[in-house]
Amino acid sequence: MILLAASLTTAAWAQQDAALCKGGFSEQDLGVRLESIDTAIVTAEIAVARRLADKTVKQLACLERVIGAEHLASLGYQLALLAYQDQDETAALRWVRMARQAAPQSEWPAWLSESHPLRQLHSDAGPPSPSAGAGRLVPPKGGGLFVDGSFADEVSGFEDVPAFLQVADVTGTVVQSQWIEADQFPPEWVGSPGSPPTPPRWWSDEGFDPTKARRSPNDRAPIVPIVATTGLALTSGTLYLLSALSVSGLEQATTEDELAGARTRTNSLAMGSIVAGVGAVGAGVTVVLAADGGGLGFGFRF
């Protein structure tokens, strides 16, 4: 039942099938999915629309960036129509209100004509009642809390209106997603009364700005391989120089023992230079692959 999606908690998200996020689910993927649902609605393939909408609601937890308000509003209209088709006017009204709250200036879908009963239901109900809770929001350091695709700076909401909460860290990556009711924010993100939080530096009216987001630890320069490359290169060069100097010992040797010792010393230094040089090349390749995002790593997302 689609209505149950509004009451999903973080724990419920964690228990969903990992396959839903295995292949990734981006904002672009969401846009394509919403268009498919629209097409199914227009062609009266309600069963198809319902299946796609249910999967989409679950995959919202896979988004790694803050959702676009327009996309969330589109999904709200679709869920409202499907609930209305099920003769559940209460759920239909909740989703329409969510859509209007997410993107107040958005256009109604073309398949919801001005005479559609769902529009009349929304009009007759009037605006929802605001609800404010105690305390202040305390987002992750350098991150923020976002409701319906907009930065949240206070513990507030609207009664009987589901809201989609996302918590993003200093890199702009969403670390928690769930539906909440009115002002019922998770307690871990609510603190004592005080000054409201400010938007993270990577957030603007246009949304996420990657140029202002702090890079994740995995994106930082590989310090250890760089140091190793430099050290091995210096060692290789030093041994090569000593090997070259040792060659003069071969010319100055006056006995068989002195000649054998000079030859052994020269060969050892030359071999050491070669080994160190090969090591430097290997470490250098590691640096290049790490900086270039080479496909040698493994990532898992649940």
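The values are calculated or read from the model by the stated rules, or taken from the named source; none is laboratory data. Bear in mind that the values here come from a model prediction, so they are computed numbers and not experimental data. Counting neighbours? That spans all protein chains shown, and the Cβs are built from the backbone with ideal geometry, glycine included. Side chains included, ligands, DNA and RNA excluded: accessible areas come from the protein's heavy atoms. Shrake-Rupley method; radii C 1.70, N 1.55, O 1.52, S 1.80 Å.
Here are a few things to note about the model shown:
- With DNA, RNA and ligands ignored, accessible area of SER36 (1.4 Å probe; Å², nearest 10): 50 Å²
- Per-pair calculated FRET efficiency, R0 = 45 Å: ASP153 and ASP86 via Cβ, rounded to 0.05: 0.80
- Ranking ASP38, ASP86 from most to least accessible surface, computed with a 1.4 Å probe over the protein chains only, gives ASP86, ASP38.
- Taking a ≥ b ≥ c as the square roots of the eigenvalues of the alpha carbon gyration tensor, the range 38-147 is oblate, as a/c is not under 1.5 and a/b does not beat b/c.
- Amide N proximity, the range 147-190 versus ARG201 label position 7 Å along Cα-to-Cβ, cut-off under 19 Å: 168-174
- Calculated FRET value between GLN28 and SER192, using beta carbons and R₀ = 30 Å, to 0.05: 0.15
- Here r is the Cβ-Cβ distance between SER115 and ASP54 and R0 is 30 Å; the resulting FRET efficiency, rounded to 0.05, is 0.60.
- Extended-chain gain in nm, criterion 0.36 nm per residue less alpha-carbon gap, SER131 and THR264: 39.3 nm
- Unit Cα scatterers, Debye sum, the range 95-169: log10 I(q)/I(0) for q = 0.22, 0.26, 0.28 Å⁻¹: -1.04, -1.27, -1.38
- Rounded if a/c under 1.5, otherwise prolate or oblate - the range 94-222, Cα gyration tensor axes: oblate
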